[in-house]
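Structure first, then comments.
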Amino acid sequence: MKQHLKAKENCIYIGASAGAIVAGNSIETAYWKGWDDPNVVGNDFEWTPERKKGAGLVNNECFFMHYEEASHAELVELQAQRFKKDFTVRVVPNNMALIYAENDAIIDSTCSP
């Protein structure tokens, strides 16, 4: 997917929730809250490091979606320690959109409902 999107000029990728998570370098943040069961794919499926990789559309970042500071700050701080040397974990509340150009966040905007 990354090669296909990078081959296109002026390409736009929009990802919400899981779509944003897979755009990052790792999908592991999806399981930090315990909302989703990684074993839903079956007991014979092995979660290798290769299978935990995201698309890497944004260099060296992964995303923690639906972030609520009161509920998730400590969790993210603890879990993000494992990624510190490789990735930045960017927290994204429900009312936020991130806009990137050439792999740099240019706007973090708060959206109103």
Inset, instruction - Work out from phi, with θ = phi - 60° and the Karplus expression 6.51 cos²θ - 1.76 cosθ + 1.60, the ³J(HN,Hα) of each residue of the range 59-73, listed in order in whole Hz, and give x for Gly and Pro. - result: 4, 6, 9, 9, 10, 10, 8, 6, 5, 10, 3, 4, 8, 10, 4
Legend entry - Pair ASN60, SER17: separation of 7 Å Cα→Cβ label points (nm): 3.2
Inset, instruction - Quick one: which residues, 5 or more positions from VAL89 or on another chain, have an amide H under 5 Å from its amide H? H modelled 1.01 Å from N in the peptide plane, none for Pro or chain starts. - result: CYS62
Inset, instruction - Express in nm, to one decimal, how much length is gained between ASN94 and ASN43 on full extension, taking 0.36 nm for each residue of separation and deducting their alpha carbon distance. - result: 15.1 nm
Legend entry - ³J(HN,Hα) computed for each position of the range 14-28 - Karplus, 6.51 cos²θ - 1.76 cosθ + 1.60, integer Hz, glycine/proline x: 10, x, 10, 6, 4, x, 6, 4, 5, 6, x, 7, 9, 9, 4
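No lab work stands behind these numbers, since they all come straight from the coordinates. All of these numbers come straight from a predicted model, not from anything done at the bench. All Cβ positions, glycine included, derive from the backbone under ideal geometry; neighbour counts span all protein chains shown.
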